[in-house]
Structures are given as structure tokens and as C-alpha cells.
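Taken together, the values in this text are just the output of simple stated rules run on the coordinates, not laboratory data. Nothing here was measured: the structure is a model prediction, and the numbers come from that model. We place every Cβ from the backbone using ideal geometry, glycine too, and count neighbours over all the protein chains shown.
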Amino acid sequence: MALKLAGRLEALQQSEIRNMSIECARVGGINLSQGVCNTEVPIEVRRAAAEAIEAGANSYSRYDGAEELRRALSRKMREHNGLDYDPEGEIIVTVGATGAFYVAALAFLEPGDEVILFEPYYGYHVNTLRAVQAVPVYVDTEPPDWSFDPAALEAALSPRTRGIMVNTPQNPSGKVFERSELETIADLARTHDLFLFTDEVYEHFLFDGREHLSLATFPDLRERTITMNALSKTFAITGWRLGWIAADRRWAKAFGPLSDLVYVCPPTPLQLGAARGLGLLGADYYDGIRAEYQEKRDRICTSLERAGLSPWVPQGAYYVLADISRLPGQTSKQRAMALLRETGVACVPGEAFFRGSRGHRIGRFCFGLTDADLAEACRRLEKLA
Ligand code: GLN
């Protein structure tokens, strides 16, 4: 038989984030691998989604999302991010930020176009690029603060470079890009006429008083910045798959039809639940996330340190990279599997976020879990000591 899969699949690999969740479920372990986020969903959000189902809002929403949610997101971006996007034509509700980036990649990238990513990177960004036959180009960042060399960023540019992906706070390192770093990126984008793709899903997960900055607010960047975000983490609804993409009208008009083509629309009653949440929850709720997650971060970092798995303390998001080189094995996958066998705690092997062998001594641990689950995971990790 001459039938075969399309060539684009050769470059795609199933994410270790998902693989480790499966390995973890097999042994009934505690999943610190996938960023599942099993903390409590705000009652306002849950109730409004349930009410929407009961009230019969169970058919398709408009292809670019329910009006209530587009309006709520527009208000949120104005008040929280200092960004002005029209809910009619500049905001498209997508199936997660994953759907948002896929739509953006389909809209802008030709086969062979290059997009720069900072390493460690989020594998879904890489694979989304590969799925549209674009080419990821990497710029190294160095611990402890995962900073980059501006000269290396410039050197990564080529005539095929179309854009730079900026994920801040970053998955997996927790890096929160500083104003001066974003200015460097902004300058390059202006000089070389590049798109800026941002993934801001962890915008509320900030520690030690850090601030989240949206690149689209920088002078003259609004038109070239494609801002992507999701409510998965903010409302602990990772399974609801609600994200959005905001951009200048001239680009945004392409996104709705693409989003429609891939999945028609995100689930309508869930969109209405999220819209109500955005309307009702105030600064207290968002401040609460920072405090709660800073505590969780400190807790897991202490346990990792005690376990001899030294962490690079994250500035934001809800992941921590740690040195797992004392665990048996040659690769990070072997080490992560050894940890799972020994403690019943799953982490993601570093090779999911780094090229070559650089990730082999690293594991990523998610701390977006209930206090009870996190306490049990920490207790198990500390037994390694
Ligand atoms: N963003 C989450 C993570 O990095 C979940 C991703 C996923 O399952 N695709 O773990």
C-alpha cells in the first residue's frame, strides 16, 4: 500500500506534557506534569455556565464568539492591559490560546517562514509552527532569570523571519519579561518589520511584586502585535478551552473565518459563564491569585530544594524548572520516569522545552494544584532527601 501520512507529521511529536499525564494516570500518581490546574473555579463562573445550559444557550455562538464574552474581554483588556480593542471585529474567541496561535499561524505564515522563540520554549508553539510548515528559530536564555543576549536575538533574524513569539510570564521557566527586554524586542520588530505574537495566559500569575506588560501597549506596536490569551488559568477552567486573540481590525478579520473553519466556535454556554465571571470578579480576585500562587511556588521550591532537586525559582506562571540530574538515567525522560516510579510524582522531562541535550538535567513541575494535592506531592518529593 502506498498510502501514508502527510510529510508535515514527521516534524511533529506528541508532547511529553501529555505523555507524562498518561504515565502518571497509569500509576495513579500526582500529576505535576501537565498544567492541569485543579483549583476551584469561581462560583460566579460555574453558576453562569450552568444557568446558560439550563436557559437553552446550547447552540453555536457567532463564529467570532458570543457578544457577551467579546464585550467583557474588550473591557478587561482596556481596564487591565491598557489596550483598546473593539469587540466588533478586533477580538475573536478561540478554543484556548492553542486555538488562537493556530489561527494566527494559518493567517500569517507561509511554508518556510521563520518565527523566533525563546528557549526554553513551550512545545505547542513549536509544533503549531511546524504544523503550518513554518520554521521555529531559537534564541537561548540563561538562568537564573532566563535573560537573553540582544545580539543573539538580532543574529537569529533572517530574510525569512516573520515574527517573534513572546510568552510572558513564560511557560516553562516562569520568566516575566522586563520592560527593557520588551523594548529590545520592540525595536527589532519595528526596524525589521516583524509581527509580534504574544501568549499572555499567565498574566495574573506574578510573584514578588512583578508587573505584566503587554507588548501591544508599546509605542507603534499595536498594528504589528497579535495578542493571545486564555481564561484557562485565570478561572481554573483548563478543560473549557476558552481563549481569545486580539489584533488590529486589518488582521483580525482573517481570524474569525479561520477559527470557524477549524472548530466553528468555542462552547457557547461556557463562553457565557466566563463572560459573567469577567463582569463580576474584581481586583480582589486577581490579587488573590498572586498571593495564593506565590505561596504555592514557595512551598514547592522548598520541597524541591530539600529533595536535592534544586529549583530555578520562577518569577511568574505556575511551573518551576528544577535540576533533576541526581535522579538515575541519561535523559530527562528516564529521570522523570525514575521520579514517577520512586515517588508517584510526575514532572515533564526538560527535553520537551529545550533542543539537544540541554534539557536532560531538567524537569518541569506544575504547582497549579489544590493545596491538598500540592502538600501530598511535596511530602512525597521530600522523601527523596
Ligand atoms: N499549558 C499546559 C502545560 O504546559 C497544558 C498544555 C497542554 O496540555 N497542552 O502543561
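Quick notes
- All positions within region 224-239 that are touching a residue at least 40 places away in the same chain (Cβ under 8 Å) and in a strand (DSSP E or B): Ile226, Thr227, Met228, Asn229, Ala230
- Within region 87-114, the set of residues being on the phi < 0 side of the Ramachandran plot and among the small types (Gly, Ala, Ser) comprises Ala97, Gly99, Ala100, Ala104, Ala105, Ala107.
- Among the candidates Ser214, Ser173, residue that is touching a residue at least 24 places away in the same chain (Cβ under 8 Å), within 22 Å of Glu292 (Cβ to Cβ) and of a type in the set (Gly, Ala, Ser): Ser173
- Selection count where residues are away from the ligand (no atom under 11 Å from the Cβ) and out of contact with any Phe, Trp or Tyr (no Cβ under 8 Å at 6 or more places or on another chain), scope region 91-128: 10
- The residue pairs whose first member lies in region 179-199 and is in contact (Cβ under 8 Å) with a residue 60 or more places away in the chain, whose second member is crowded, with 21+ Cβ neighbours inside 10 Å and polar (S, T, N, Q), and whose beta carbons are closer than 7 Å, counting only pairs six or more residues apart or on different chains, are Asp199/Asn167.
- Long-range neighbours under 9 Å by Cβ, at least six apart or interchain, first residue within 15 Å of Leu9 (Cβ to Cβ) within region 110-134, second assigned to a loop (DSSP other than H, G, I, E, B) and within 12 Å of the ligand (Cβ to nearest atom): Asn127/Ser15
- Of all residues in region 213-249, exactly one satisfies the criterion of being more than 14 Å from the chain's Cα centre (by Cα), surrounded by 24 or more Cβ atoms within 10 Å (Cβ to Cβ) and among the hydroxyl-bearing types (Ser, Thr, Tyr), namely Thr225.
- Test: residue in region 101-124 that is crowded, with 22+ Cβ neighbours inside 10 Å, among the aromatic types (Phe, Trp, Tyr) and over 23 Å from Thr217 (Cβ atoms): yes
- Selection within region 351-385 - closer than 24 Å to Gly316 by Cβ and among the basic types (Lys, Arg): Arg355, Arg358, Arg361, Arg364
- Put simply, of Arg290, Arg306, Arg297 the only residue that is within 21 Å of Asn81 (Cβ to Cβ) and charged (D, E, K, R) is Arg290.
- Taken over region 1-30, the criterion of being more than 16 Å from the ligand (Cβ to nearest atom) and either of a type in the set (D, E, K, R) or in contact (Cβ under 8 Å) with a residue 24 or more places away in the chain (or both) is satisfied by Lys4, Arg8, Glu10, Ala11, Arg26, Val27, Gly28.
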